[in-house]
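A quick write-up on the structure given underneath.
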Amino acid sequence: MNIGNSEVNHILIAKTCGCTSSGRVAYSFVDTYHALCLDRKEIIVAELQACERLLKYADEPESRIIQREIDDLKFALDLIE
């Protein structure tokens, strides 16, 4: 059986973890079968989209952590292309 389309629009979800000064952003796959067929660029783009969604709901200390992560992901995406 081949799965053509998923009901889930997003591949990854992002969460902040750790303290507000040195916090990190953690990612988890929504559907596990996506982990088998994604390349690096698709994963970085999905991480970027997850961070942008998370940024809408973040308060000030978390938004700095997320914005730093977005900047790092954009830099990594520029290096790949």
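Being over 15 Å from the mean Cα position of the chain (by Cα) and either modelled with pLDDT of 85 or more or among the polar types (S, T, N, Q) (or both): is that true of Thr16 here?
no
Go through the residues of the range 2-11 one by one and say whether even a single one is surrounded by 13 or more Cβ atoms within 10 Å (Cβ to Cβ), in a loop (DSSP other than H, G, I, E, B), modelled with pLDDT under 90 and within 13 Å of the chain's Cα centre (by Cα).
Step one: list which residues in the range 2-11 are surrounded by 13 or more Cβ atoms within 10 Å (Cβ to Cβ), which gives 10-11.
Next, from what is left, pick out any that are in a loop (DSSP other than H, G, I, E, B): 10-11.
Still in the running and modelled with pLDDT under 90: 10-11.
After this cut, where a residue has to be within 13 Å of the chain's Cα centre (by Cα) as well, the list is 10-11.
Yes, that holds for at least one residue.
From Leu36, Leu55, Leu79, grab the single residue that is of a type in the set (A, V, I, L, M), open to solvent by 40 Å² or more (accessible area, probe 1.4 Å) and modelled with pLDDT under 90.
Only one candidate passes the filter, namely Leu36.
May I ask you to say which residue of Ile43, Ile66 is of a type in the set (A, V, I, L, M), surrounded by 14 or more Cβ atoms within 10 Å (Cβ to Cβ) and touching an Asp or Glu at 6+ places or on another chain (Cβ under 9 Å)?
Answer to the check: Ile66.
The values are calculated or read from the model by the stated rules, or taken from the named source; none is laboratory data. As the structure is a computational prediction, the values presented were derived from the model and not from experiment. Cβ: placed from backbone, ideal geometry, glycine included. Neighbour counts: every protein chain shown. Each accessible area value is taken on the protein alone, full model and side chains, heavy atoms only, with ligands, DNA and RNA left out. Shrake-Rupley method; radii C 1.70, N 1.55, O 1.52, S 1.80 Å.
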